[in-house]
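The values are calculated or read from the model by the stated rules, or taken from the named source; none is laboratory data. Just so it is clear, the model here is predicted, and its values are computed rather than measured. Virtual Cβ from ideal backbone geometry, glycine too; neighbours counted across all protein chains shown. The accessibility values were calculated without ligands, DNA or RNA, using every heavy atom of the protein model including side chains. Shrake-Rupley method; radii C 1.70, N 1.55, O 1.52, S 1.80 Å.
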Amino acid sequence: SVPPNADLVFDRSWAMTIVENAVDTVATSMDEAGQGERFKRLAVYLQAGTEAPPYNDLAGALGLTIAGVKTEVHRLRKRFRLALRTEVARTVSAPHEIDIEMAHLHAVLL
């Protein structure tokens, strides 16, 4: 029998790998589109539990309005969620299992 802590350690490691792969996918995609620097500035808004700078601080640096920054953050988060789902899909044997694993991922990360 595997001790409960071992399961938690494994699940946490799995979850972090999935998240890191999804972030890397989005970063690579944006870099290939010539938006690598934009990704670096916006990536802080993907990190749960961190204090992200106010949108107005970033607006000037990116040459956008506050509404423009909000739109960019929304698009980035949407791309990230899609990349996360794609990563999870690679770990399951059938499409109907994706939502179950996504829920498990969410639970492990909380």
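Points worth noting:
- Condition check for Asp24: in a helix (DSSP H, G or I), of a type in the set (D, E, K, R) and closer than 14 Å to Arg85 by Cα: yes
- Flag for Val26 being open to solvent by less than 70 Å² (accessible area, probe 1.4 Å) and of a type in the set (Val, Ile, Thr): yes
- For the stretch 52-110, a residue qualifies if it is touching a residue at least 60 places away in the same chain (Cβ under 8 Å) and either farther than 25 Å from Met16 by Cβ or not in a helix (DSSP H, G or I) (or both), and exactly one does: Thr91.
- Tallying residues that are farther than 30 Å from Thr71 by Cβ, within 17 Å of the chain's Cα centre (by Cα) and open to solvent by 80 Å² or more (accessible area, probe 1.4 Å) within the stretch 1-23 yields 1.
- Tabulated pairs, the stretch 10-23, first over 13 Å from Leu110 (Cβ atoms), second buried (at least 17 other Cβ atoms within 10 Å of the Cβ) and among the aliphatic types (A, V, I, L, M), C-beta under 7 angstrom, 6+ apart or interchain: Ile18/Leu84; Ile18/Val88; Ile18/Leu105; Ala22/Ala83; Ala22/Leu84; Val23/Leu46
- A single member of Ala52, Ala27 is aliphatic (A, V, I, L, M), modelled with pLDDT of 95 or more and in contact with a helix residue (DSSP H, G or I) (Cβ under 7 Å, 6 or more places away or on another chain), and it is Ala27.
- Thr71 vs. criteria surrounded by fewer than 14 Cβ atoms within 10 Å (Cβ to Cβ), at pLDDT below 95 and of a type in the set (S, T, N, Q): no
- Taken as a whole, the structure places Phe80 among residues that are within 16 Å of Leu109 (Cα to Cα) and in contact with a Leu (Cβ under 8 Å, 6 or more places away or on another chain).
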